[in-house]
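J.: Dropping a structure here in structure tokens format, bear with me for questions.
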Amino acid sequence: MIDMGMEQPETDKTETVNANDTASPLLHESELHSRKERILEVHSLSKMFGGVTALDDITFSVEKGIICGLIGPNGAGKTTLFNMITGIYAPDSGYILFKGKSIRKIPVHALVKAGIARTFQHVELFGSMTLLENVLVGMHVRTRSGFWGAVTRLPWVLREERKARERAEELINFTGLSDYTHRSAGDLPIGRQKMAEIARALASEPSLLLLDEPAAGLNAVETEALGLLIEKVKKKGITMMLVEHDMSLAMGISDKVIVLDRGRKLAEGTPREIQNNQDVMDAYLGEA
Amino acid sequence: MRKTAGKVQDGTAVEGGIGMLNHMNPPHMNPIDNRKHRVGAGAPGSFLLRYMLPALLICLMTMAAWADETYKIGGIFSATGPASFLGDPEQKSMEMMIEQINAAGGIDGRMLQAVIYDSEGDPAKAVSAVNKLLHKDKVIAIIGPSTTPTTLAIINFVERAKVPLISCAAGIAITTPVKPWVFKTAQSDLLAVAAVYQHMQARGIKKISILTVANAFGESGRNQLLDQAAKFNIEVIQSESFGPKDTDMTAQLTKIKSASPDAVVCWGTNPGPAVVARNVKQLRMEIPLYQSHGVASPKFIELAGDASEGIILPTGKILVTSLLQDNDPQKSILEKYETDYMEKYKANVSGFGGYAYDAVNLLAKALKGSGGDREKIRSSLESIGNHMGVSGEFNFSREDHNGLSSDAFVMVEIKNGTWKLIK
Amino acid sequence: MQEILQYIFSGLTTGAIYAVIALGLSMLYSSTELINFSHGEFVMLGAMGIVTLWVHMALPLAVAFFLTVACVACTGLLFERLAIRTAGNAGHIELVIITVGASIFLRGVGMVIWGKDPFSVPPFLGHDSIEIAGAALLPQSVFIVIAALVLAGGIHFFLKRTLTGKAMIACAVNKKAAWLSGIPSSTMAVTAFVISTGTGAAAGVFIAPITMSSYDMGTMLGLKGFCAAMIGGLGSLWGAFAGGLLLGLLESLGAGLLSSGFKDAIAFVLLLLILYIRPGGIFAARDAKRF
Amino acid sequence: MKDTENVTGYSGNIVIISNRRDIAANAIFVTAVLMCGIAVQNTYYLQIMTFIGINTLLALGLNMLMGYAGQVSLGHAAFYGIGAYTTAVLSGTFGVSPWAALVCAVAGAVLVAFVVGLPTLRLSGYYLGMGTLGFGMIVNIIFREWSSVTGGSSGFVGIPMLEAGSLSFMDGKNYFFLVWGVVFGAILLCRRILSSRMGRALRSIHDGEKASMAVGVNTHFLKLQIFMFSAALGAVAGFLYAHFVMFISPESFGFMVSVKMVTMVVIGGMASVWGALLGASLLTLLPEMLHGFAEYEMIVFGLILMLVMIFMPQGLTRGLLDIYGHWKKRP
């Protein structure tokens, strides 16, 4: 399987190519010195469901501070890949390193604590809770009061709670949802729900944020707002991976793009490279 | 003439039955309670009020039906539930006796009034019933409950309230040690087991296996069987049990069969023992099968059918009244009870109803001249002697609040679908 | 050795009954995702029906059998129409509580109609047991096991070979898709109820001769059937069947070889272990996530 | 809707007590209990209310597990029984002070909940129901068969009355206050948990377990914790029951009691602390109010249960609020 990986020499190439300053004006010194530092490395990852190969020998890495787009036709294995990076599925073979450490056998919640957060393709907010509470739950791994804390309400618990709320409100402001703070999350319009999910994910103070089709179901105005938000998040130094079907969004904000097709990695490179890649065009046109 | 009034039936529902839902509790609505609900609902209780008020009124009306001149006597029976075979005839017997006593002019010119609740064989329900009797109905004495656990559950409450209780349950723990206010009319399992063992001894049976139902009745029987075995030179080589709702006991009986005892004793109440009888026949076990007085009713023969042939069991004399010799001192009482009961309810009498029959009679005796004073009732109950009842001859004393001796039981065998007295 | 055989015989007899009860539950679950906690009461109605029609009214056995099953199935139909359907979009646990209420209701009705006393039903096929290698076997037991197999086979055939059956499975797999392809899911639900309660009634008829029937016999049987269905894996027909037999065998062998007082506990411990090892039951068909 | 904020609760930025509505509810509750305690002289009514209190405790615990963590338990009566039997054996047989026995009872129930919950809570849906049901059955069989310690089917006699210094709880009124004091404490406790970090995580499991896991909640551990908490409440209820009746037997803690507990929670309204109180009251009072129906009681009871669920599937709390809302809207 490692041999198979060698068939795709672009991997190494793109890393260097990527160093070219892309259209994004946001890459500055802070990114420059950490550019080489890989926050996520995926090696020869494979996964089968029943007899179907969902992912086949995927290898790539994501550098700290960038936005990495993940595109591909339906059924390409993008969400499966997300599920494996977040620890929901274990790989059949291959491995994933997060900040240089293997994530194998680490439970989902511990990975969140380590710094991987995600949003869902179909919104999975806690519908009966308010937006504020949703964000507070997102902060779960960064707070620590438990049963006894709840029961005794010692000063430190109250302090923690107060801080958490302040921080949650900040995040809600940051995502531009302050009008909805005390509304129950299930009542939010769909566009806002997508943003709310990002706010909740940010609450866990991730260093890697996985966004699964954040623009799905959004209108053009909302999509634009979303793009701005993602850039704002990037400014905070958070690395992001983005599954997206909206090509203008994906290409517009990604620093690097990985193309998956039927479980295999088709290409990897800057958005411009990808747009000119023959394999990718074939895959998309072929699909269409 | 005043008629008996106020027969109130409490919750229905059953054992395993999802009667559960009534399980641990009680009561009528009361106004203050109602208010608490409104808080609970978080909304003004217009709905509650609308529906609860009628209930409240009904409740008040029942309370108003209280008259000063009557003696109020409480009854708690397992009229429904797994022990309804006990509670049902007991309740009927009590109602019948109270009616008779009132028809004969009451006691010291005062009528009796029965207030009867159903315990469903559930200790928690019995507790709520006894509190209702003690504090709401303010009875001067209580008859029942039907089973040992329900009786044990309420003993503390009657002792505290100082109200005489005449239990219809068999458990020894009820009157041993003696509690001042607690009496019972049912023959103890102790006596039934002794009767069985005497019979076995006469037949030369040495090794037995026992098969008991997994409830209070079976457990008490098992303890007695194990405790008394040595005294009669009998060895219990196996002790098995079955669930009250089990459908098949062949597994236990196969195990017993392979140990080849001289006899099997099954201790339970319908329908389990009838299944055991059938399974014994099915497995072709050629050894005597003894059953307990828990199945001493014609229903057992009906259920077990052919398989009941040759089964031996202890029973109060009521089952074999017609077979008794004319000079038997109990015979006339038994006949009267039998005919009265048959006439009123068109059903066969059982020994169980007799417990309540005796209890009412004993209480009536003690009530005479007491003027309703509970302590007087208690002490005169304690001094009753040579009282001939359905279950035997009662001789209460300070040390004995059951007052029966082993001649309360006779052994019978089932022959040709009917009872045969074993001399 | 002959004891073991005897334990197996009695285990299989009881197990076959549990299997038929589990079958009804599992069948209903697979098309409506509902566990009917009043299923045991339908078993009771079946047993009581045969008592009335065959023992008391002396109808021919076959007539009594079909009449009983038909009447109980009608009750099931009414139950679905009046209670489950009316509840509409209630959640699963609410529906379960409705079935709990129904079980109390039906038990109450049973008590009013048939009284508190138990009844006995003579065996369908002779009283005398056959002896096989020293172990006694009642013809009734053979009858029960065969009848259970036939019933399971029949339902299997119905689901897999007939159009209605296939439609039912389609409904179970995806209600919306089935609706889009023109399958009336409400008709399917009511069919499932009718078959399920009818099966329950049949179980009641089979069991009546080997034990005593009373208005409160159903709860325990329903519970055992529920366990059996879970062991086999909810929604799996043969799983439920195997689960029933397994439960019967465990109880019988547990009572015979270990302790009769703890026989239920032994059975339950083993069942729990099975659940821990295979969380979806032995024949896990589809996951039973919803409650 | 201006009301939304209040209805969904927990919204203000003050942590201590969530909002005014809660304080008001608590105040009304306390006043009502006090007034009942002072005004009601009849031991019978006091006793009924005491039973309601005990059942409320049971429902509260199970409601935390079912309503908020979304985990159904069909064997919860086991913890009720463990609490009752532990205190009975320790104080009745070994003469330990009941208060020390209470600590042991709660610790015992929590320990059992931990051991049982560890594997069982990995199951879900009906399988979880089945797993807990099996556990409940096994515990009940142990109560019945371990007769040298528990007194077997005949029950356990000789549980002492509670005393605190010179204060005896023999008096029905004292016991009433004790039980309702505990209930109030439990309500406050549940409220505190629900408005805390733990409670939010708990409610998030109910809304979506997958998402809850994905935002970093250790769902299994949290379910286990709340299982242990509800076991502890069950044990306290068992303790109060045992010392009140002073007699216990296995059938008071059987499968049907577990089902009754579930029914109380669902009828009252899941995920609502006041729902637990309402459900417990209804299921305690209803059989009592129905005794006039004699042998038809079971039928009526079953019918009421079905009708409530059919027409108020959200439970009485929600259902009554809705009715009130409709009624208020009418001119």
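The values are calculated or read from the model by the stated rules, or taken from the named source; none is laboratory data. For clarity, every value in this text was computed on a predicted model and none was experimentally measured. Virtual Cβ from ideal backbone geometry, glycine too; neighbours counted across all protein chains shown.
J.: Of the residues C:Ala229, C:Ala177, C:Ala189, which single one is in a helix (DSSP H, G or I) and either closer than 30 Å to B:Val276 by Cβ or at pLDDT 90 or above (or both)? Walk me through it before giving the result.
T.: Details: C:Ala177 fails: either closer than 30 Å to B:Val276 by Cβ or at pLDDT 90 or above (or both); C:Ala189 fails: either closer than 30 Å to B:Val276 by Cβ or at pLDDT 90 or above (or both).
Going through C:Ala229, C:Ala177, C:Ala189 in turn, just one is in a helix (DSSP H, G or I) and either closer than 30 Å to B:Val276 by Cβ or at pLDDT 90 or above (or both): C:Ala229.
J.: Listed residues A:Asp212, A:Asp255; which is touching a Gly at 6+ places or on another chain (Cβ under 9 Å), among the acidic types (Asp, Glu) and either in contact (Cβ under 8 Å) with a residue 12 or more places away in the chain or within 28 Å of A:Leu132 (Cβ to Cβ) (or both)? Quick ask: steps written out before the conclusion?
T.: Numbers: A:Asp212 fails: touching a Gly at 6+ places or on another chain (Cβ under 9 Å).
Being touching a Gly at 6+ places or on another chain (Cβ under 9 Å), among the acidic types (Asp, Glu) and either in contact (Cβ under 8 Å) with a residue 12 or more places away in the chain or within 28 Å of A:Leu132 (Cβ to Cβ) (or both) holds for just one of A:Asp212, A:Asp255, which is A:Asp255.
J.: Could I ask something else about it? Pick from the stretch D:299-319 the residues that are surrounded by fewer than 24 Cβ atoms within 10 Å (Cβ to Cβ) and part of a loop (DSSP other than H, G, I, E, B): which of them is nearest to the other protein chains (Cβ to nearest Cβ)?
T.: Applying the filter and picking the extreme gives D:Pro313.
J.: Only one of (1) crowded, with 24+ Cβ neighbours inside 10 Å; (2) more than 11 Å from chain C (Cβ to nearest Cβ); (3) in contact (Cβ under 8 Å) with a residue 40 or more places away in the chain is not met by B:Gln291, so which one is it?
T.: (3)
J.: Still on this structure: For the stretch B:95-137, give me each residue that is outside any helix (DSSP H, G or I), within 10 Å of chain D (Cβ to nearest Cβ) and within 16 Å of B:Gly74 (Cβ to Cβ). So that I can check it myself, show each step before the final result.
T.: Start the filter on the stretch B:95-137 by keeping residues that are outside any helix (DSSP H, G or I), which leaves B:104-122.
Subset that is within 10 Å of chain D (Cβ to nearest Cβ): B:117-118, B:120-122.
B:Tyr117, B:Asp118, listed by residue number.
J.: Where residues in the stretch A:273-288 are buried (at least 18 other Cβ atoms within 10 Å of the Cβ) and among the aliphatic types (A, V, I, L, M), which of them is nearest to the chain's Cα centre (by Cα)?
T.: Out of the qualifying residues, it is A:Ile274.
J.: Residue check, A:Val157 against (1) at the interface with another protein chain (Cβ under 9 Å from one of its Cβ atoms); (2) part of a helix (DSSP H, G or I); (3) crowded, with 23+ Cβ neighbours inside 10 Å, all met but one. Which one?
T.: The failed condition is (3).
J.: Could I ask something else about it? Scan C:Thr219, C:Thr199 and give me the residue that is assigned to a helix (DSSP H, G or I), within 13 Å of chain B (Cβ to nearest Cβ), closer than 30 Å to C:Met111 by Cβ and of a type in the set (Val, Ile, Thr). Walk me through how you get there before you give the answer.
T.: On the way: C:Thr199 fails: within 13 Å of chain B (Cβ to nearest Cβ).
Exactly one residue qualifies, and that residue is C:Thr219.
J.: Within the stretch A:131-146, is there a residue that is over 25 Å from A:Met195 (Cβ atoms), free of Cβ contacts under 8 Å to residues at least 60 places away in the same chain and facing chain D (nearest Cβ under 7 Å)?
T.: As a first pass, look at the stretch A:131-146 and keep what is over 25 Å from A:Met195 (Cβ atoms): A:144-146.
Pick out the ones that are also free of Cβ contacts under 8 Å to residues at least 60 places away in the same chain and you get A:144-146.
Subset that is facing chain D (nearest Cβ under 7 Å): A:145-146.
Yes, the conditions are met somewhere in the stretch A:131-146.
J.: With the checklist (1) β-branched (Val, Ile, Thr); (2) out of contact with any Phe, Trp or Tyr (no Cβ under 8 Å at 6 or more places or on another chain); (3) more than 24 Å from D:Tyr241 (Cα to Cα); (4) assigned to a helix (DSSP H, G or I) in hand, flag the one item D:Val183 doesn't pass.
T.: (3)
J.: Right, another one. Consider C:Ser30 against the criteria (1) in contact (Cβ under 8 Å) with a residue 60 or more places away in the chain; (2) over 15 Å from the mean Cα position of the chain (by Cα): it satisfies all of them except one. Which criterion is unmet?
T.: C:Ser30 satisfies every listed condition except (2).
J.: Name every residue in the stretch C:232-247 that is more than 16 Å from C:Ser196 (Cα to Cα) and assigned to a loop (DSSP other than H, G, I, E, B), in order of residue number.
T.: Listed by number, the list holds a single entry, C:Gly233.
J.: Which of the residues that make up the stretch A:126-154 are in a loop (DSSP other than H, G, I, E, B) and not polar (S, T, N, Q)? Explain how you work it out, then say what you get.
T.: Kept after step one, since they are in a loop (DSSP other than H, G, I, E, B), are these residues of the stretch A:126-154: A:126-129, A:139, A:143-146, A:153-154.
Those that are in a loop (DSSP other than H, G, I, E, B) and not polar (S, T, N, Q): A:Phe126, A:Gly127, A:Met129, A:Met139, A:Arg144, A:Gly146, A:Arg153, A:Leu154.
J.: Search the stretch A:190-210 for residues being within 13 Å of chain D (Cβ to nearest Cβ) and within 15 Å of A:Glu231 (Cα to Cα), and hand back the single one that is surrounded by the fewest Cβ atoms within 10 Å (Cβ to Cβ).
T.: To start, the set of residues in the stretch A:190-210 that are within 13 Å of chain D (Cβ to nearest Cβ) comprises A:193, A:196-206, A:209-210.
Okay, now just the ones that are also within 15 Å of A:Glu231 (Cα to Cα), so A:198-199, A:202, A:209-210.
Values: A:Ile198: 24, A:Ala199: 25, A:Leu202: 22, A:Leu209: 24, A:Leu210: 26.
Ranking the qualifying residues of the stretch A:190-210, first place goes to A:Leu202.
J.: Regarding the stretch A:94-111, can at least one residue be identified that is under 15 Å from the mean Cα position of the chain (by Cα) and within 14 Å of another protein chain (Cβ to nearest Cβ)?
T.: Among the residues of the stretch A:94-111, at least one is under 15 Å from the mean Cα position of the chain (by Cα) and within 14 Å of another protein chain (Cβ to nearest Cβ), which makes the answer yes.
Table: residues versus (1) among the basic types (Lys, Arg); (2) touching a Cys at 6+ places or on another chain (Cβ under 8 Å); (3) surrounded by fewer than 24 Cβ atoms within 10 Å (Cβ to Cβ); (4) within 14 Å of chain B (Cβ to nearest Cβ).
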position	(1), (2), (3), (4)
C:Phe226	no, no, no, yes
C:Ile231	no, no, no, no
C:Trp238	no, no, yes, no
C:Leu270	no, no, yes, no
C:Tyr276	no, no, yes, no
C:Gly281	no, no, no, no
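J.: In the stretch A:253-272, is there at least one residue being within 28 Å of A:Glu169 (Cβ to Cβ), of a type in the set (Val, Ile, Thr), within 18 Å of the chain's Cα centre (by Cα) and buried (at least 21 other Cβ atoms within 10 Å of the Cβ)? Steps first, please.
T.: The first filter runs over the stretch A:253-272 and keeps only residues within 28 Å of A:Glu169 (Cβ to Cβ), leaving A:253.
Those still in the list that are of a type in the set (Val, Ile, Thr) too: A:253.
Now drop any that are not within 18 Å of the chain's Cα centre (by Cα), which leaves A:253.
Still in the running and buried (at least 21 other Cβ atoms within 10 Å of the Cβ): A:253.
There is at least one residue in the stretch A:253-272 that is within 28 Å of A:Glu169 (Cβ to Cβ), of a type in the set (Val, Ile, Thr), within 18 Å of the chain's Cα centre (by Cα) and buried (at least 21 other Cβ atoms within 10 Å of the Cβ).
J.: Does at least one position in the stretch D:165-182 carry a residue that is within 8 Å of another protein chain (Cβ to nearest Cβ), of a type in the set (Gly, Ala, Ser) and more than 18 Å from the chain's Cα centre (by Cα)? Steps first, answer last, please.
T.: Going residue by residue through the stretch D:165-182, those that are within 8 Å of another protein chain (Cβ to nearest Cβ) are D:170.
So of that shortlist, the ones also of a type in the set (Gly, Ala, Ser) come out as none.
No: the stretch D:165-182 contains no residue that is within 8 Å of another protein chain (Cβ to nearest Cβ), of a type in the set (Gly, Ala, Ser) and more than 18 Å from the chain's Cα centre (by Cα).
J.: Further, regarding this structure: Does the stretch D:280-298 contain at least one residue that is more than 30 Å from C:Ile113 (Cα to Cα), crowded, with 24+ Cβ neighbours inside 10 Å and either in contact with a Phe, Trp or Tyr (Cβ under 6 Å, 6 or more places away or on another chain) or touching a residue at least 60 places away in the same chain (Cβ under 8 Å) (or both)? Write out each step before concluding.
T.: As a first pass, look at the stretch D:280-298 and keep what is more than 30 Å from C:Ile113 (Cα to Cα): D:280-281.
From what is left, the residues that are crowded, with 24+ Cβ neighbours inside 10 Å are D:280-281.
Among the residues that remain, those that are also either in contact with a Phe, Trp or Tyr (Cβ under 6 Å, 6 or more places away or on another chain) or touching a residue at least 60 places away in the same chain (Cβ under 8 Å) (or both) are: D:280-281.
Checked against the condition, which is being more than 30 Å from C:Ile113 (Cα to Cα), crowded, with 24+ Cβ neighbours inside 10 Å and either in contact with a Phe, Trp or Tyr (Cβ under 6 Å, 6 or more places away or on another chain) or touching a residue at least 60 places away in the same chain (Cβ under 8 Å) (or both), the stretch D:280-298 yields at least one hit.
J.: Right, another one. Does D:Ala107 count as in a helix (DSSP H, G or I), modelled with pLDDT of 95 or more, within 21 Å of the chain's Cα centre (by Cα) and surrounded by 24 or more Cβ atoms within 10 Å (Cβ to Cβ)? Quick ask: steps written out before the conclusion?
T.: Working: in a helix (DSSP H, G or I): yes; modelled with pLDDT of 95 or more: yes; within 21 Å of the chain's Cα centre (by Cα): yes; surrounded by 24 or more Cβ atoms within 10 Å (Cβ to Cβ): no.
Considered against the rule, which asks whether it is in a helix (DSSP H, G or I), modelled with pLDDT of 95 or more, within 21 Å of the chain's Cα centre (by Cα) and surrounded by 24 or more Cβ atoms within 10 Å (Cβ to Cβ), D:Ala107 comes out as no.
J.: Further question: Do we have any residue at all in the stretch B:348-360 that's outside any helix (DSSP H, G or I) and farther than 29 Å from B:Ser209 by Cβ?
T.: Our first condition is that a residue be outside any helix (DSSP H, G or I); within the stretch B:348-360, this holds for B:348-350.
Remaining after also requiring farther than 29 Å from B:Ser209 by Cβ: B:348-349.
Yes; the residues of the stretch B:348-360 include at least one that is outside any helix (DSSP H, G or I) and farther than 29 Å from B:Ser209 by Cβ.
J.: State all residues of the stretch A:83-112 that are in contact with a Gly (Cβ under 7 Å, 6 or more places away or on another chain) and without any contact (Cβ under 8 Å) to a residue 40 or more places away in the chain; if no residue qualifies, say none.
T.: The initial filter retains those residues of the stretch A:83-112 that are in contact with a Gly (Cβ under 7 Å, 6 or more places away or on another chain), namely A:103, A:106-109, A:111-112.
Result: A:Ile103, A:Ile106, A:Pro107, A:Val108, A:His109, A:Leu111.
J.: The conditions are (1) at negative phi; (2) free of Cβ contacts under 8 Å to residues at least 12 places away in the same chain, and B:Leu226 fails exactly one of them. Which is it?
T.: Going through (1) at negative phi; (2) free of Cβ contacts under 8 Å to residues at least 12 places away in the same chain one by one, B:Leu226 breaks only (2).
J.: Quick test for you: out of C:Ile50, C:Ile21, C:Ile35, pick the one residue that is within 12 Å of chain D (Cβ to nearest Cβ) and either farther than 16 Å from C:Gly198 by Cβ or in a helix (DSSP H, G or I) (or both). Steps first, answer last, please.
T.: Details: C:Ile50 fails: within 12 Å of chain D (Cβ to nearest Cβ); C:Ile21 fails: within 12 Å of chain D (Cβ to nearest Cβ).
Result of the check over C:Ile50, C:Ile21, C:Ile35: C:Ile35.
J.: Return a yes/no flag: does the stretch D:273-289 have any residue that is more than 10 Å from chain B (Cβ to nearest Cβ) and either on the phi < 0 side of the Ramachandran plot or in a loop (DSSP other than H, G, I, E, B) (or both). Break it down stepwise before answering.
T.: The initial filter retains those residues of the stretch D:273-289 that are more than 10 Å from chain B (Cβ to nearest Cβ), namely none.
No, the stretch D:273-289 contains no residue that is more than 10 Å from chain B (Cβ to nearest Cβ) and either on the phi < 0 side of the Ramachandran plot or in a loop (DSSP other than H, G, I, E, B) (or both).
J.: Looking only at the stretch D:194-218, which residues are surrounded by fewer than 21 Cβ atoms within 10 Å (Cβ to Cβ), without any contact (Cβ under 8 Å) to a residue 60 or more places away in the chain and either in contact with a helix residue (DSSP H, G or I) (Cβ under 7 Å, 6 or more places away or on another chain) or among the basic types (Lys, Arg) (or both)?
T.: D:Lys210, D:Asn218
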